[in-house]
Amino acid sequence: MNQPLDEIEFLARSEHRVEVLSALAEGPHNRADLRVMTGASSSTIRRTLNEFEDRCWIERIEHRYEATPLGMFVAEGLMALLGRMETERTLRDVWRWLPIAEIEFDIELFADAVVTVPEFGSPDRIVSRFAELVEKTETLRGFTPTTVNSDMDVLFRNAIDGMETELVWPPGLIETVLTSHPEQASAAIASGHLTVLLNDDIPCSCAIFDDRVGVAGYDHETGHMRVAIDTDAPEARRWAENLYQHYRRDARPLDPDALVV
C-alpha cells in the first residue's frame with residue numbers, strides 16, 4: 001500500500017490497530033499488556049504488531065514494543081484526526097444554529113466544548129446550563145440580542161447578591177427586560193453590581209464566566225435559542241475577551257431615566 005488513504009484505511013478498518021498504536025505511542029508494552037488494554041485476541045495482537053513492525057512504526061526491545069519516531073508521528077496525526085472528527089460529530093447537528101456568519105467562530109477553540117440543546121421532555125436544558133454556570137461564577141460579562149425570562153431571574157438574583165456583572169444589550173432588549181422584570185432589574189442595577197451598556201449592533205450571544213466562556217445559537221426566524229456551547233479552553237477565553245471588548249468599545253451607558261418604573 002503506497003497511497004496515504006490506503007494507510008488511513010488500514011488503521012481505520014480495525015479499532016484494535018488504533019488502540020495498539022496509541023498505547024505504544026504513550027510508552028512500551030508487552031503483548032499481554034496490549035491484550036488486556038484492547039480486549040483483542042493473541043492472534044490479533046500478534047498480527048497487528050507484525051504489521052506495525054513492517055511499516056517501521058514500532059520496534060521490539062526484548063519482550064516489549066514501543067513506537068518509533070515515525071510511529072509517534074503517525075499516532076499523533078491519527079489522534080488529531082480522531083479528535084477533529086469527534087468535534088465535527090458533536091457540532092454537526094447544531095452547526096446551522098451557531099453564529100458562524102456573524103462572528104469569526106473558530107471551531108478549534110470549542111473542540112472540547114459542552115454542547116447543550118433542548119430535548120424532548122427537557123426543553124429548558126439550555127436555561128438550566130446557563131443557571132448552573134451563573135451560580136458558579138463571581139463575575140459575568142457578556143452580550144446578547146435576546147434572552148428568556150428564566151435567564152433574567154437567575155442573573156438579577158445573583159447580581160443583587162454580589163455577582164459583578166457587565167452586559168452589552170441592544171436598546172430593545174433593555175426595554176423588554178424592564179417591562180418583564182422592572183423591580184428585579186432596577187434593584188440589580190441599583191446594587192452597583194450590574195452595569196448595562198447599550199449597543200445597537202449585537203449579532204449573537206456570548207458570556208464570559210470566571211472559568212468558562214459560552215456562545216449561544218438562535219433560530220433567526222423564531223428567535224428561539226437552539227444551542228449553547230461552553231468551554232474552559234484558554235484560547236477560547238482570549239477570543240471571547242477580544243470579541244466582548246469589540247462590542248463594549250462602541251457601547252453607551254444606560255440612561256438612568258430608563259430605570260424609572
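The values are calculated or read from the model by the stated rules, or taken from the named source; none is laboratory data. Worth saying up front: this structure is predicted, and the values here are computed from it rather than measured. A quick note on method: Cβ atoms are made from the backbone with ideal geometry, for glycine too, and the neighbour counts reach across all protein chains shown. In case anyone asks, the SASA skips ligands and DNA or RNA and just uses the protein heavy atoms, side chains included. Shrake-Rupley method; radii C 1.70, N 1.55, O 1.52, S 1.80 Å.
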Query raised in the report: From the list L78, L11, L24, L5, which residue is surrounded by fewer than 15 Cβ atoms within 10 Å (Cβ to Cβ), at pLDDT 85 or above and not in a loop (DSSP other than H, G, I, E, B)?
Result: L5
Report summary line: Condition set modelled with pLDDT under 90 and touching an Asp or Glu at 6+ places or on another chain (Cβ under 7 Å), scope segment 115-142, selection surrounded by the fewest Cβ atoms within 10 Å (Cβ to Cβ): answer is R125
Report task. Look at P145 and say whether it is touching a helix residue (DSSP H, G or I) at 6+ places or on another chain (Cβ under 9 Å) and either in a loop (DSSP other than H, G, I, E, B) or open to solvent by less than 40 Å² (accessible area, probe 1.4 Å) (or both). Result -> yes
Query raised in the report: Can you name the residue in segment 28-67 that is among the basic types (K, R) and not in a strand (DSSP E or B) and, of all such residues, is surrounded by the most Cβ atoms within 10 Å (Cβ to Cβ)?
Result: R35
Report task. For R17, work out the one condition from (1) open to solvent by 80 Å² or more (accessible area, probe 1.4 Å); (2) under 32 Å from the mean Cα position of the chain (by Cα); (3) not hydroxyl-bearing (S, T, Y) it doesn't fulfil. Result -> (1)
Report summary line: Among strands (runs of 3 or more DSSP E) entirely inside segment 175-261, those with 2 or more residues being in contact with a Lys or Arg (Cβ under 7 Å, 6 or more places away or on another chain) are 194-198, 213-218, 225-231
Query raised in the report: Inside segment 147-166, can you point out the residues that are closer than 15 Å to A216 by Cα and either more than 21 Å from the chain's Cα centre (by Cα) or not β-branched (V, I, T) (or both)?
Result: V148, D151
Requested in this report: Please identify the pairs in which a residue from segment 219-230 that is closer than 11 Å to T116 by Cα has its Cβ atom under 9 Å from the Cβ atom of a residue that is among the acidic types (D, E) and open to solvent by 40 Å² or more (accessible area, probe 1.4 Å), counting only partners at least 6 apart or on another chain.
Outcome: V227/D93
